[in-house]
Amino acid sequence: MVALDLDRQTLFDWLLRLGDNALILGHRTSEWCGHGPALEEDIALANTALDLIGHCQMWYTLAAEVEGKGRTADNLAYLRDAIQFKNVKLVELPNGDIGQTMMREFLFNAFHFELLTALTGSTDPKVSEIAAKAVKEVAYQLDRASDLVVRLGDGTEESHRRMQAALDYLWPYVGEMFLADATDDALAEAGIAPRLTDIQTKWEAIVSDTLDEATLTRPDRRPDVHTGGKQGRHTEHLGYILAEMQFLQRAYPGAEW
Amino acid sequence: MYAQMITSEKSSDDPELLAAFQARIDRGERIEPKEWMPEGYRKTLIRQIGQHAHSEIVGQLPEGNWITRAPTLERKQILLAKVQDEAGHGLYLYSACETLGISRDELFDRLHSGAMKYSSIFNYPTLTWADMGAVGWLVDGAAIMNQVPLQRTSYGPYARAMVRICKEESFHQRQGYTIMMKMAQGTPEQKAMAQDALNRFWYPSLMMFGPSDKDSVHSAQNMAWKIKINTNDELRQRFVNETVPQARYLGLEVPDENLTWNEDKQGWDFSEPDWSEFFAVLKGDGPCNEERLGARRKAWDDGEWFRDGLTAYAEKQAARRKAHAAE
């Protein structure tokens, strides 16, 4: 059972962050289906999207249970508006080229992998159970993304240039992942979640090794320029994602599919 | 059926070799990649398997069109998995085709230039969520009609690819039918969407088998080679016989006023599709030809730097290993 000394709303909000990151990144990744640069990549991207949608379903199911208002995972995905979504801005950005997509996967996966690894030791058994399932898939996603970042960074002149441009573009968004607010602090104090500073240290190690191998340069720019997604303050992009994703549920309220 | 209008190539090979080859096929033997085969057999198979492979990957697009709009998380996962399966089928089939001495890149070039075709059905748009049901039920259903017999085709790699593909296709057909069932039993708007999807996809699905070929010389040669097992008319009849009761079970109406049960043939009499439409679609004048081929070309062109980057890295690594070994 969930820790009793933590209020439900805080835990609910935190679970939404996990679910929303997975759903929105899964949505973006799924946009590649049928349009990948090679058949093998197309299959791998669809697989990644499938994993992420699966994760969001598990987090939402738990969030709905914690909330206790009878909502379902689908209700949380399909019937909330943008200001109620708690994902980081990084995951809602448009895909760009395949280089930008893979760079984003890498930067997010390095965080996601370390976070889920830490969550397998959560004091909340339901959280640790979901994390244990998800981390296996994310470990593979991180492997694949970092491998591609290295190959493309150290590939041709053009692939190098594109990967560096992707890194430069995404960098001002990465800081939000580690920016702890009262919700993160409360979860860490309850032993449910790790301190984000610890995750950041591990993330830095992965990122710096991979970028070195990829012959890419760490941008000389603040990583926390674009923040606020976790509090429901998003980019303009999220509204369009939701308009598309939620269309049927909104147009035909109460219908079963 | 994902391969349409496959003309057979004439062989100018030694008549004795040809006779021995035909005898092997007649005995039910499988032909394997490194064995001797008539040039015409090889070329015809490249055309057929290649067209089938292209159909799988172009076929990702009409369904991929609804992944981001799927109405529930579960439906989204099922649809994603299905479209991913189609890409996987493309991969097996391109691999089977490569055993005949043509590369995947060459096959892509022929698709992109328009020299090779893909099934006409994928040039129709998917306009509502019910189309995800109709495509699974009718399009995958029609594909299965053709592919089940092809598990016994004479070319080993193709026959084995078909065994795996058929297992997945029958799952796809069931999931499509489940969507139709939900819609047909849903709200009046949902039922109307389901009926509309059936109206739009019925005739294009019948066209998937191609025009009647019972008197075609190509068909006769391909059947002798066991590249083709049944005539187009046989398969179409089988499809109609299976599908009409399924439509009735859903409470939907097949859009054909001539549909009548024929006691003598123990099958349905039905209207032929408009073959002028079929030929127009094949020529490029279908509702979505430009979009579909355009999307494939764009994916390939946009991915060029990506593929080149990976190749360059692999070459650098090989050079580094070589340099390291020489030290």
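Numbers below:
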| item | result |
| --- | --- |
| Which numbered condition B:Arg174 misses (of (1) in contact with a helix residue (DSSP H, G or I) (Cβ under 7 Å, 6 or more places away or on another chain); (2) closer than 21 Å to B:Arg248 by Cβ) | (1) |
| Some residue of the stretch A:244-257 being polar (S, T, N, Q), buried (at least 17 other Cβ atoms within 10 Å of the Cβ) and closer than 20 Å to A:Ile98 by Cβ | no |
| Total residues in the stretch B:210-256, condition among the polar types (S, T, N, Q), at pLDDT 95 or above and open to solvent by 30 Å² or more (accessible area, probe 1.4 Å) | 3 |
| Single condition B:Gly267 does not satisfy, out of (1) touching a residue at least 60 places away in the same chain (Cβ under 8 Å); (2) open to solvent by less than 20 Å² (accessible area, probe 1.4 Å) | (1) |
| Number of the exception - A:Arg144 against (1) surrounded by fewer than 16 Cβ atoms within 10 Å (Cβ to Cβ); (2) of a type in the set (Lys, Arg); (3) under 30 Å from B:Ala314 (Cα atoms) | (1) |
| Criterion (charged (D, E, K, R), in contact with a Pro (Cβ under 9 Å, 6 or more places away or on another chain) and in a helix (DSSP H, G or I)) met by exactly one of A:Asp42, A:Asp74, A:Asp51, A:Asp20 | A:Asp74 |
| 1 or more residues among the acidic types (Asp, Glu), within 14 Å of chain A (Cβ to nearest Cβ) and without any contact (Cβ under 8 Å) to a residue 60 or more places away in the chain: qualifying helices (runs of 4 or more DSSP H) within the stretch B:110-217 | B:188-207 |
| Test: residue in the stretch A:217-230 that is in a helix (DSSP H, G or I) and either open to solvent by 20 Å² or more (accessible area, probe 1.4 Å) or without any contact (Cβ under 8 Å) to a residue 40 or more places away in the chain (or both) | no |
| Matching helices (runs of 4 or more DSSP H) fully within the stretch B:259-327 where at least 1 residues are within 11 Å of chain A (Cβ to nearest Cβ) | B:289-302, B:304-326 |
| Members of the stretch A:147-164 found to be more than 22 Å from the chain's Cα centre (by Cα), buried (at least 22 other Cβ atoms within 10 Å of the Cβ) and more than 8 Å from chain B (Cβ to nearest Cβ), listed by number | A:Gly153 |
| Boolean, B:Glu16 is over 22 Å from B:Tyr158 (Cβ atoms), in a helix (DSSP H, G or I) and more than 14 Å from chain A (Cβ to nearest Cβ) | yes |
| Counted residues, the stretch A:165-178 - those being touching an Asp or Glu at 6+ places or on another chain (Cβ under 8 Å) and surrounded by fewer than 17 Cβ atoms within 10 Å (Cβ to Cβ) | 0 |
| Within the stretch A:18-52, considering residues that are open to solvent by 20 Å² or more (accessible area, probe 1.4 Å) and within 15 Å of the chain's Cα centre (by Cα), the one nearest to the other protein chains (Cβ to nearest Cβ) | A:Leu50 |
| Scan of the stretch B:81-109 for residues that are away from every other protein chain (no Cβ under 14 Å) and either part of a loop (DSSP other than H, G, I, E, B) or at pLDDT below 95 (or both), ordered by number | B:Thr99, B:Leu100, B:Gly101, B:Ile102 |
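The values are calculated or read from the model by the stated rules, or taken from the named source; none is laboratory data. As the structure is a prediction and not an experimental result, all values here were calculated from the model. Glycine also receives a Cβ, built like all others from the backbone with ideal geometry; neighbour counts cover every protein chain displayed. Accessible surface is based on the protein model in full, side chains and every heavy atom, while ligands, DNA and RNA are left aside. Shrake-Rupley method; radii C 1.70, N 1.55, O 1.52, S 1.80 Å.
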